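**Student:** Below: one structure in C-alpha cells.
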Amino acid sequence: VNAAGSAERLRRLFEILRQHNPVNVGDMITGNAFNAGEERIADCIRDTSIIHAVFTDPNAVRNVLLDLGRAELGPSVVVTGIVEVVGRLCRQAGLRMHSAEVSGGVLGRRELLPEYEMLQITTMCGHGMVPRNLVLCLLNRIGDGETTIEQAAEDLARPCQCGIFNPRRAAILMQRLARQDQN
C-alpha cells in the first residue's frame with residue numbers, strides 16, 4: 001500500500017540498525033551479511049525490500065527502538081523475542097507494543113523431527129533454509145579439526161537468505177552438540 005518511494009526511508013532504517021552492531025542483517029531479495037555482505041545489501045535496498053537485523057544485546061534493541069522512534073520513518077517494525085522482554089524494551093523506548101504472536105507448539109508426528117538441539121539451530125531460519133545435514137556435516141568438520149565452531153556458525157548463516165539466522169547463538173549450540181558428539 002505504501003511501498004512506493006520508501007527506499008530512502010528503508011536505507012535510513014538499515015543505517016540505524018547497523019549503528020547498533022547486529023550479528024546479522026539481511027534483505028529477502030539480496031541476501032544476508034554472510035552471503036551478500038552489508039554494503040551490497042545497503043546498495044540494493046528498493047521500495048519493496050524487507051530488512052532484518054539480529055541482535056544479541058537487549059540494550060542494543062532498546063537503543064534501536066529509541067532511534068527508530070525519533071527518526072519517524074514510518075515502516076512497521078517487528079521485534080521477535082520473549083514477549084515480556086520485548087514489552088519492557090518497548091516501554092523503555094517510549095513505545096507501545098502493538099500486538100504479540102505466540103507459538104502454539106509443534107503438532108503432528110513429532111518423533112519424525114530431529115532432536116531438540118538440532119531443531120534449535122535449523123529453525124533459526126524461519127524459511128527452513130538451514131538443513132540438518134549441513135549441521136551434521138559441519139559438526140564432523142569441527143570434530144576433525146577442519147573448521148572452528150565460529151566458522152561453522154557463519155557457514156550455517158549463509159543459506160538463510162533473509163538474514164534472521166543468529167550465528168552467535170548457533171556457535172553456542174554447535175559447541176553443545178560438539179561436546180555431545182565427543183561423549
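**Student:** Spin-label point model (7 Å from Cα, Cβ direction): what's the Gln182 to Arg70 distance in nm?
**Tutor:** Spacing of the two 7 Å Cα→Cβ label points: 4.6 nm.
**Student:** Suppose the Debye formula is applied to equal point scatterers at every Cα of segment 42-103; what is log10 I(q)/I(0) at q = 0.12, 0.20, 0.26 Å⁻¹?
**Tutor:** -0.32, -0.86, -1.27
**Student:** Further, regarding this structure: Taking all protein chains in place and a 1.4 Å probe, what share, in percent, of the accessible surface of segment 1-101 do carbon and sulfur account for?
**Tutor:** Answer for segment 1-101 is 50 percent, counting heavy atoms of protein chains only.
**Student:** Okay, next question. Can you pull the accessible area of Glu8 for me, 1.4 Å probe, Å² to the nearest 10?
**Tutor:** Glu8 has an accessible surface of roughly 120 Å² with all protein chains in place.
**Student:** For Glu39 and Ala100 in the same chain, what is the full-extension length gain: residue separation times 0.36 nm, less their Cα-Cα distance, in nm? If you can, show how the numbers build up before the last one.
**Tutor:** Working: separation 61, 0.36 × 61 = 21.96 nm, distance 3.21 nm.
Taking Glu39 through Ala100 to full extension adds about 18.7 nm, to one decimal.
**Student:** Using a 1.4 Å probe on the protein heavy atoms only, what accessible surface does His98 show? Give it in Å² to the nearest 10.
**Tutor:** 150
**Student:** If you check each cysteine of the chain for another cysteine whose beta-carbon is under 4.7 Å away, which ones come up empty?
**Tutor:** Cys44, Cys90, Cys137, Cys162, each lacking another Cys Cβ under 4.7 Å.
**Student:** Ok, one more. Just to make sure I understand: if all protein chains stay in place, what is the order of Met97, Met129, Met124 by accessible area at 1.4 Å, largest first? Mind showing how you got there, number by number?
**Tutor:** Numbers: Met97 75, Met129 95, Met124 25 Å².
Accessible-area ranking of Met97, Met129, Met124, largest first: Met129, Met97, Met124.
**Student:** Taking 30 Å as R0, compute the FRET efficiency from the Cβ-Cβ separation of Gln19 and His127 and round it to 0.05. The partial results should precede the final answer.
**Tutor:** Values: r = 27 Å, r/R0 = 0.89.
For Gln19 and His127, the calculated efficiency is 0.65.
**Student:** Now for a separate question. Dividing the alpha-carbon radius of gyration of the chain by 2.2 N^0.38 Å (N being the number of residues), what value is obtained? Intermediate results must be reported in sequence, preceding the final value.
**Tutor:** Details: Rg = 17.8 Å, N = 183, 2.2 N^0.38 = 15.9 Å.
Against the empirical 2.2 N^0.38 Å value, I get 1.12 for the chain.
**Student:** Here is a follow-up. How large is the accessible surface per residue of segment 70-122, computed with a 1.4 Å probe and reported in Å² as a whole number? Kindly include the intermediate steps, with their values, before the conclusion.
**Tutor:** Working: 4390 Å² over 53 residues.
Per residue, segment 70-122 has an accessible area of 83 Å².
The values are calculated or read from the model by the stated rules, or taken from the named source; none is laboratory data. Every value quoted in this text rests on a predicted model; they were computed, and no experiment measured them. With ideal geometry, Cβ positions are generated from the backbone for all residues, glycine too; neighbour counts draw on all protein chains shown. Accessible surface areas use protein heavy atoms only, side chains included; no ligands, DNA or RNA. Shrake-Rupley method; radii C 1.70, N 1.55, O 1.52, S 1.80 Å.
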